[in-house]
1. For the chain, set up a GNM with springs between Cα atoms under 10 Å and report which of Pro70, Pro202, Pro41 has the largest fluctuation.
2. Which of Lys33/Lys297; Lys88/Lys242; Lys24/Lys265; Lys141/Lys242; Lys24/Lys88 have a Cα-Cα distance over 27 Å?
3. Which of the aspartates and glutamates could a cross-linker span from Lys319 if the Cα-Cα distance has to be under 14 Å and same-chain partners fewer than 8 positions apart are dropped?
4. Give me Ser69, Ser186 ranked fewest to most by other Cβ atoms within 10 Å of their Cβ, as a rough exposure proxy.
5. If one puts a single equal scatterer on every Cα of the stretch 3-67 and applies the Debye formula without solvent, what log₁₀ I(q)/I(0) results at q = 0.13, 0.16 Å⁻¹?
6. Restricting to the stretch 13-318, compute how many DSSP beta bridges are antiparallel as a %, nearest 5.
7. Most mobile of Phe183, Phe35, Phe144 per a Gaussian network model of the chain (Cα springs, under 10 Å)?
8. In vacuum, with every alpha carbon of the chain counted as one equal point scatterer, what does the Debye formula give for log10 I(q)/I(0) at q = 0.08, 0.10, 0.12 Å⁻¹? Two decimals, please.
Amino acid sequence: MENDWLLRFPGADVATLRARLTAKAAWVGQKKKGFLRYREPLANVAHLHAADCDLSGDVVTIGRANALSPGEQALVHQSLRAFMPWRKGPFSVFGIEVDAEWRSERKWNRLLPELPDLRGAVVADIGSNNGYYMFRMAAHKPAFVLGFEPFVQHYYAFWLLNGFARQKCLRTELLGIEDLNLFQESFDVIFCMGVLYHRPSPMEALKDLLAALKPGGVLLLESQAIPGTESIALFPETTYAKVPGTWFVPTASCLHNWLVRSGFKQVRLFCQHAMSAEEQRRTEWMRFESYQDFIDKQDPSRTIEGYPAPWRVFFKAVKQ
Ligand SMILES: C[S@@+](CC[C@H](N)C(=O)[O-])C[C@H]1O[C@@H](n2cnc3c(N)ncnc32)[C@H](O)[C@@H]1O
């Protein structure tokens, strides 16, 4: 039965989730919404499956180049191009190298020393995008990883990739962090990366993350941040580094306080670094503006709006 995966979550409000997912399926199914531009390329390659995947390296590798005929490979290439711009990667799909805007393997490698044991774990990835990190998680043999991704393009990009890779433990749904309160005490591990500064109420988001963890569960939280030692957050007038929908950009100490005051224990900052144009840049698969266009050319310590240029901070925290 559709949505049977929900039965994995005894603590979840399954009836409300079913209703919400049914409504979303009807919404994406409407012709006038234009999502056929994703569904058609997906359907065109639905018969192609990868005999082998390597999810353990920096490049998520799904299928080998010589596994397909030239015609099939052209079809896969066309389908992948339909999902541009590719934000997260890199991927190699039947030998086609998808060089995404972000070098996401760098973030994953920063997480690795702090990665909890994922073997047999029930995991959530909030803001999972095309699933790059979920594929990396799959190499660690979790029981199930649920990606929360409300953007239709990213949602279908995941289904395209996993249509080839067929990782049964991975699933993405058109859900947002605001749906997390329907999953009480449901996850052993939650990854929430690149999402918090997009929330108008970060404290509410953190409380929902805490409530969705099982007792003893672990949160891995990564966020954009401003440099500094004071416990303050920047509230941009309109955009931050040209990105609209950015609300509060905290210092590391501010985010530490948010985590503690929302009820997390053993809160620990384990990595912080300045952003750079090496990590986020324009590529053949993402032809729009990127990091170097967001930063003041005369003073790289400032964004184009004159705010402190972004850092990234990584926290690990536990629910007791
Ligand atoms: C900056 S990207 C971060 C992606 C990835 N987690 C990473 O760290 O590289 C933010 C992601 O969150 C998704 N997103 C946007 N609104 C969201 C919401 N309300 N709940 C969960 N994810 C959301 C975006 O579509 C996008 O994929």
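1. The residue with the greatest mean-square fluctuation here is Pro70.
2. Working: Lys33/Lys297 39 Å; Lys88/Lys242 19 Å; Lys24/Lys265 35 Å; Lys141/Lys242 38 Å; Lys24/Lys88 24 Å.
Table pairs above 27 Å Cα-Cα are Lys33/Lys297; Lys24/Lys265; Lys141/Lys242.
3. Leaving aside aspartates and glutamates fewer than 8 places away in the same chain, those within reach of Lys319 are Glu185, Asp188, Asp208.
4. Values: Ser69 9, Ser186 21.
Starting with the residue having the fewest Cβ neighbours, the order is Ser69, Ser186.
5. Here log10 of I(q) over I(0) equals -0.70, -0.89.
6. Details: 27 of 51 bridges.
Counting only bridges with both partners in the stretch 13-318, antiparallel ones make up about 55 percent.
7. Checking each option, the largest mean-square fluctuation is seen for Phe35.
8. These q points yield log10 I(q)/I(0) values of -0.37, -0.58, -0.85.
Quick note: the coordinates plus some simple rules give every number you see, no bench work behind them. Everything numeric in this text was worked out from a predicted model, so none of it was measured. As a convention, Cβ positions derive from the backbone with ideal geometry for all residues, glycine included, and neighbour counts pool all protein chains shown.
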